[in-house]
Amino acid sequence: MAPKTLQPDSIAVHAGREDLASLGVHALPLDLSSTSPLPDVELGGLSYEVLATGGLPLDGGSNVYARLWNPTVARFEQALARLEHAEEAVAFSSGMAALTATLLAVTHESGKRHVVAVRPLYGGSDHLLASGLLGVDTTFCRPEDVAASVRADTALVIVESPANPTLELVDIRAVAAAAGDVPVLVDNTFATPVLQHPLDLGAALSLHSATKYLGGHGDVVGGVVACDARLASALRRTRAITGSILHPLAAYLLHRGLGTLPVRMRAQQDGARTVAEWLRSRPEVAAVHFPGFPECDPHGLIGTQQSGPGAMIAIELADGYGAAVALTSGVRLFTHAVSLGSVDSLIQHPAALTHRPVQSEAKPSDALVRLSIGLEDPTDLIADLAQAFESGTDAAASVAHDLAYAG
Ligand SMILES: *Cc1c(COP(=O)(O)O)cnc(C)c1O
């Protein structure tokens, strides 16, 4: 096989599996060893040193210990790196572990402690940066203020597009240009490498909560960062020292999920467009945020930066918080739950949940509800939302009543 010439859908199916036939197996091998046999003290010790400092396993060496390196995780990393057009990728126990390791690694490597973060961001990322927990000093800004926010001691610029929870599209090329020499990290969780390649747009790092579309079935928590070999080594070192490697079983499930990622993304995106168009026609909905609508893409980034709108929708309810509460509790086919990107559809209230820890100035509207469209027939999703709107009228009235009495 000549992998470099394959189309993206074929890479998704075959990447990280090139040697399987020579191993005499067809499915991905899963190595759950916590420890590995050492050839001898000398080579064992050398293997340890190489892996703990961010290197790759020595020929004839040992994997030593599963916190340092694991072959099942490495296969998934290779596959994801191919899809992201990156030299390498490093996988973590969650998206937040991936962001934490990135912040620790880039601030340590550069000796700089300032980060510029473009809002809006995922609530957990915003919370981590604002908390000061990692000793990082963060300036939050809007996309157009990146150049003015970068300082001599800036180690990293962080941006998310489409951004959580409003699905705002940010011009990644413009942010990379404004960042100058400072590396840019793009949270590519919503777009996935099926729709967007941040490294081709000038970013140094592309981060995923693999929990979402990469896993795609709501049964894995993981994170991964795609980048060049130098940054990958710094990330592996940080991961080994702080202990945040992805579990091999999670890596196995994520790698298996990559094979269907392009097909899932396109089908979920088609369903999302149908649902978004229907929502736009409803009097209960004051605004529909869907990157596929021209009014949601003022800079024309769909088709240039991101090949399609994705499968996330945010709506603002005309009757505000009470109507949002009624909708999330009135649905039957959608599951009222945080997270996204699964084959089944989810609905949640960002201000109360994913963006609960965010500072008040960055809080989304409490009339906003976020929908992650799955692989159900959109007709059924629309029927579910319609019945929830119908039954919600009474519930909204009662919530409004309760709120009024709560003062
Ligand atoms: C969920 C999410 C994260 C955090 O990932 P976890 O796997 O939950 O730790 C980061 N960024 C975005 C955009 C997310 O949706």
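The values are calculated or read from the model by the stated rules, or taken from the named source; none is laboratory data. What you see is a predicted model; the values in this text were computed from it and never measured. So basically every Cβ, Gly included, is an ideal-geometry build from the backbone, and we count neighbours across all protein chains shown. Surface areas here come from the heavy atoms of the whole protein model, side chains and all, with no ligands, DNA or RNA. Shrake-Rupley method; radii C 1.70, N 1.55, O 1.52, S 1.80 Å.
Numbers for the structure displayed
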quantity: Within the chain, percent of DSSP bridges classed antiparallel, to nearest 5; calculated: 55
quantity: Extended-chain gain in nm, criterion 0.36 nm per residue less alpha-carbon gap, Arg256 and Ile241; calculated: 2.6 nm
quantity: Rounded Å value of the spacing that divides the Cα centres of the stretch 1-54 and the stretch 310-354; calculated: 40
quantity: Average Cα contact separation per residue, the stretch 261-403, under 8 Å, 6 or more apart, as relative contact order %; calculated: 28
quantity: Of all accessible heavy-atom area on the chain, the percent that carbon and sulfur account for (1.4 Å); calculated: 56
quantity: Average Cα contact separation per residue, the chain, under 8 Å, 6 or more apart, as relative contact order %; calculated: 17
quantity: Spin-label model distance (nm) - Ala177 vs Glu361, 7 Å beyond Cα toward Cβ; calculated: 2.7
quantity: Arg332/Asp219 FRET efficiency (R0 30 Å; Cβ-Cβ; nearest 0.05); calculated: 0.85
quantity: Surface accessible to a 1.4 Å probe, Asp344 within the full protein complex, Å²; calculated: 60
quantity: Rounded to whole Å, sorted largest first: equivalent-ellipsoid semi-axes of the stretch 249-393, Cα gyration tensor; calculated: 24, 18, 17
quantity: Sequence of Cys296, Cys227 from largest to smallest accessible area, 1.4 Å probe; calculated: Cys296, Cys227
quantity: Accessible area of Glu144 in the full protein assembly, 1.4 Å probe (Å², nearest 10); calculated: 130
quantity: Assigned charges on the beta-carbon of Lys, Arg, Asp, Glu; the stretch 261-403 dipole about Cα centre (debye); calculated: 420
quantity: Separation of the Asp19 and Asp380 label points, Cα + 7 Å toward Cβ, nm; calculated: 4.2
quantity: Accessible surface, 1.4 Å probe, highest first, among residues Leu121, Leu128, Leu38; calculated: Leu38, Leu128, Leu121
quantity: Antiparallel bridges, percent of DSSP beta bridges restricted to the stretch 261-403 (to nearest 5); calculated: 80
quantity: Solvent exposure ordering (accessible area, 1.4 Å, most first) of Thr304, Thr238; calculated: Thr304, Thr238
quantity: The stretch 157-255: C-alpha gyration tensor shape, a/c 1.5 cut-off, then a/b vs b/c; calculated: oblate
quantity: Label-point separation, Thr53 to Ala147 (7 Å along Cα→Cβ), nm; calculated: 4.2
quantity: Dipole magnitude (debye, nearest 20) for the chain, charges at Cβ of Lys, Arg, Asp, Glu; calculated: 500
